[in-house]
1. Scan the range 215-234 and give yes if some residue there is at pLDDT 95 or above, buried (at least 23 other Cβ atoms within 10 Å of the Cβ), touching a Leu at 6+ places or on another chain (Cβ under 7 Å) and among the aromatic types (Phe, Trp, Tyr), otherwise no.
2. Among the residues of the range 50-89, which ones are of a type in the set (Asp, Glu) and in contact with a strand residue (DSSP E or B) (Cβ under 6 Å, 6 or more places away or on another chain)?
3. Do we have LYS23 as touching a helix residue (DSSP H, G or I) at 6+ places or on another chain (Cβ under 8 Å) and over 23 Å from VAL152 (Cα atoms) here?
4. Please report, ordered by residue number, the helices (runs of 4 or more DSSP H) entirely within the range 149-231 with at least 2 residues that are in contact with a helix residue (DSSP H, G or I) (Cβ under 6 Å, 6 or more places away or on another chain) and hydroxyl-bearing (Ser, Thr, Tyr).
5. Condition first: surrounded by 14 or more Cβ atoms within 10 Å (Cβ to Cβ) and under 21 Å from SER250 (Cα atoms). Can you find one or more residues in the range 345-357 that meet it?
6. Among the residues of the range 197-206, is any among the aromatic types (Phe, Trp, Tyr) and touching a residue at least 40 places away in the same chain (Cβ under 8 Å)?
7. Considering only the range 340-354, state which residues are without any contact (Cβ under 8 Å) to a residue 12 or more places away in the chain and acidic (Asp, Glu).
8. Restricting to the range 235-257, count the residues that are in contact with a Lys or Arg (Cβ under 6 Å, 6 or more places away or on another chain) and open to solvent by 10 Å² or more (accessible area, probe 1.4 Å).
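The values are calculated or read from the model by the stated rules, or taken from the named source; none is laboratory data. Everything quoted here is computed from the prediction, not taken from an experiment. In this analysis, Cβ positions are derived from the backbone assuming ideal geometry, glycine residues included, and neighbour counts consider all displayed protein chains. Note: areas computed on protein heavy atoms with side chains; ligands, DNA, RNA excluded. Shrake-Rupley method; radii C 1.70, N 1.55, O 1.52, S 1.80 Å.
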Amino acid sequence: MTVLLESRVLSLVKPKVIEEVTKEREVKEGWVAIEPTYASICHADLRYFAGLRRPEALAKKLPMALLHEGIGVVKESGSPDFKKGDRVVVVPNIPGTVLHSEMKQKADVPPNYSKGNAFLGSGYDGMAQSILVHPAECLVRIPDEIPAEIAVLSELSSVSHHAISHVKDKLVKEDTRVALFGDGPVGYFTAVMLRYLYGVKADRFMVFGAAEDKLANFDFARTANVLNYDFENEPEKFDVVIECTGGRFSESAINQAIMIADSLADIIFMGVTEELVPINTRDILEKGITVHGSSRSSTVDFAAVVEGMRNSDYREALRKILPKKIIEVSNGEDFRQLMEKFVENPGWNKTVMHFNWQA
């Protein structure tokens, strides 16, 4: 039987303007109604809220509810896999196979690369609403021992997991040397995973960044500042290099990665840039380097991350990136003010909110 529920949606109607509207959500067979409880802000949310996307992109995607990093509690279930009261992590990437069963898909393509996907907070209402109706196959139950403030970090961690999966067979070899570019949150989530879930210790792991205060957080790896590291003459070479910088730093990071890559190395690109980036293809060819592009993640990555969060050392390392205070959000104005503060100062730590829909 189909169930209809009302959702209070904190909808971004134009840059920096949040309107609270009510929408009716249908809980179909195989779908689950969730009340979002905790969420964190991504820089993609910032770009929509601040109007930093191209005008044609904003016109196409607004109005919509922001946020794709979050967890919630099941309120109604159209699936035998979940029951009322279950705590769940929400996988924001809804595969085209779920939404468009008539669409032909290439065999063996992971769900995050399927055609016709929808992504929460990107033209599809995200977590900033009191009831989110979501496919059961895009949910992962949270074990009791994992606190909410750690579970809410699953989304960005899952993106790191998907990226690392390209080279997981290499990482189990004890002589594989790993380098990572990026001292921001993406770099930190990826580095923590390499250390605590894949066992890559400091003697074979180097993190490159540009800010000494940020690099100080990577105390489980060796670190080097790109501003004074001699990329051309340092003898150490790496078998796996992961680029987590993006933006205007992509060009230098990618080409420095190529410079320190050993023969037959793998380089993974995770950073997003709006501009075309010139790359030293000569050395890619001469060294036989394999380049992997990696974007988003799917349910299998979330499941692996949530299972990994049972590791207390991994959880404690993740705590470093949590804010000193989790902000309470009860209405559209609370949410707008929080987003304004994030635009003014995104900071290194994640911004995490707790929704109080009953206030």
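1. Within the range 215-234, none of the residues are at pLDDT 95 or above, buried (at least 23 other Cβ atoms within 10 Å of the Cβ), touching a Leu at 6+ places or on another chain (Cβ under 7 Å) and among the aromatic types (Phe, Trp, Tyr).
2. Narrowing the range 50-89 to residues of a type in the set (Asp, Glu): 56, 69, 76, 81, 86.
GLU69, GLU76, ASP86 - these are the residues of the range 50-89 that are of a type in the set (Asp, Glu) and in contact with a strand residue (DSSP E or B) (Cβ under 6 Å, 6 or more places away or on another chain).
3. Judged against the criteria, LYS23 is not a match.
4. Numbers: elements: 154-165, 168-171, 185-196, 212-215.
In the range 149-231, 154-165, 185-196 are the helices (runs of 4 or more DSSP H) which contain 2 or more residues that are in contact with a helix residue (DSSP H, G or I) (Cβ under 6 Å, 6 or more places away or on another chain) and hydroxyl-bearing (Ser, Thr, Tyr).
5. As a first pass, look at the range 345-357 and keep what is surrounded by 14 or more Cβ atoms within 10 Å (Cβ to Cβ): 346, 348-355, 357.
Remaining after also requiring under 21 Å from SER250 (Cα atoms): 346, 348.
Yes, there is a match, as at least one residue in the range 345-357 is surrounded by 14 or more Cβ atoms within 10 Å (Cβ to Cβ) and under 21 Å from SER250 (Cα atoms).
6. No; the residues of the range 197-206 include none that is among the aromatic types (Phe, Trp, Tyr) and touching a residue at least 40 places away in the same chain (Cβ under 8 Å).
7. The one that is without any contact (Cβ under 8 Å) to a residue 12 or more places away in the chain and acidic (Asp, Glu): GLU344.
8. Count: 1.
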